[in-house]
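Note sheet for the following structure.
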Amino acid sequence: MSRILLVEDDHSIADMMSIYLSEEGYTVNLAADGQEGIKLFNKYHPDVIILDLMLPDTNGIELCKQLRTVSSVPVMIVSAKNEVSERVNALMNGADDYLCKPFSMRELAARTTALLRRSALTQQNHQAAAASEPLVEDTREIVLDMEKRCIFIHKQPIDTTYSEFEIMKNFWLHPGKVFSREELLNKIRGIDSFVTERSVDVHITNLRKKVEAEPKEPKHIKTVWGVGYKFEM
């Protein structure tokens, strides 16, 4: 049974979310502030964290950043703030999803299930990649294993999100081809909750941090100004 850590200071909303998710078969641990959330995280090691943006003792983004230093557990931010800038900021700081209040309990449960499914797939791929060696004959700095859905940097596997791998796969299969933001967006539409062209820029930034030696001066994932991006081996 999957365990959810719910960090929400509004007791009525927290109780409603907790009851519904429990009825869906999840074990829910409830925290009313960030400090208690950290304690329950360390105690129960949840499979998903649902995190309110505005907490009495901290900001949800700051708490998400703190959690990201020690864990890759999926984090869903819930907030009454629905501006694109808020959603992008959450994604840039480690959140996996962003759900705007008010929301339906069915959508909450569906997104939670999707995060768990994605996390399980990522873990399986990483374990499979770690158990096997990439092609030793391939001396390229960056190598993709399509079957295991894993990126190797200098023969070391790295973790990526589903969307990041999809973007990198298209780069890898078509080196030198210039992709517009819209083209890349269409590759991940239906997978990623953040379906805007700005989302592509965020994913590119995160990919560069993972595959480039100098992310601010990339030699592989290049910006083509006014058009989009291209990949060079």
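Where a number appears in this text, it was derived from the coordinates with a stated rule and is not lab data. Treat the numbers as computed from the prediction; the structure is a model and nothing was measured. Don't worry about glycine lacking a Cβ; one is built from the backbone with ideal geometry, like all the others, and counts go over all protein chains shown.
Things worth noting here:
- Entries of 155/222; 81/219; 81/222; 148/187; 101/210 with Cα pairs more than 29 Å apart: 81/219; 81/222; 101/210
- Cα→Cβ-extended label distance, 7 Å offset, between residue 141 and residue 178, nm: 2.3 nm
- Among 102, 46, 175: highest mean-square fluctuation, GNM of the chain, C-alpha pairs under 10 Å: 102
- Distribution of pairwise C-alpha distances over the stretch 3-118, 5 Å bins, in %: 2, 12, 26, 28, 22, 9, 1
- Given +1 at the Cβ of Lys and Arg, -1 at the Cβ of Asp and Glu and no other charges, the dipole of the chain around its Cα centre is 620 debye to the nearest 20.
- Around the amide H of residue 2, modelled in the peptide plane, lie the amide H atoms of 27, all under 5 Å away and 5 or more residues distant in sequence or on another chain.
- Neighbour counts of other Cβ atoms within 10 Å put 1, 76, 105 in the fewest-to-most order 1, 105, 76.
- Amide H to amide H distances under 5 Å link residue 31 with 6, 7, 8, where only residues 5 or more positions off or on other chains count and H is placed in the peptide plane.
- Residue order for 172, 225, fewest other beta carbons within 10 angstrom first, comes to 225, 172.
- Under Karplus coefficients 6.51, -1.76 and 1.60, residue-wise ³J(HN,Hα) of the stretch 73-83 in Hz, glycine/proline x: 4, x, 10, 10, 8, 10, 7, 7, 7, 10, 5
- Top of 79, 119, 12 by mean-square fluctuation, Gaussian network on the chain, Cα under 10 Å: 12
- Neighbour net charge for residue 180 - beta-carbon separation under 13 angstrom, K R +1, D E -1: 0
- 222 nm mean residue ellipticity, helices alone, for the chain (DSSP H n ≥ 4; -39,500 (n - 2.57); rounded to 500): -14000 deg cm²/dmol
- Distance (nanometres) between label positions extended 7 Å along Cα→Cβ at residue 106 and residue 156: 4.7 nm
- Whichever aspartates and glutamates have a C-alpha closer than 13 Å to that of residue 209, once near sequence neighbours (fewer than 8 apart) are set aside: 159, 164, 201, 217
- Estimated inter-spin distance, residue 45 and residue 117, nm [label 7 Å along Cα→Cβ]: 2.6 nm
- Sorted by Cβ neighbour density within 10 Å, fewest at the top, the residues 116, 21: 116, 21
- Calculated FRET efficiency for the pair residue 222/residue 62, C-beta based, R₀ 41 Å, to 0.05: 0.80
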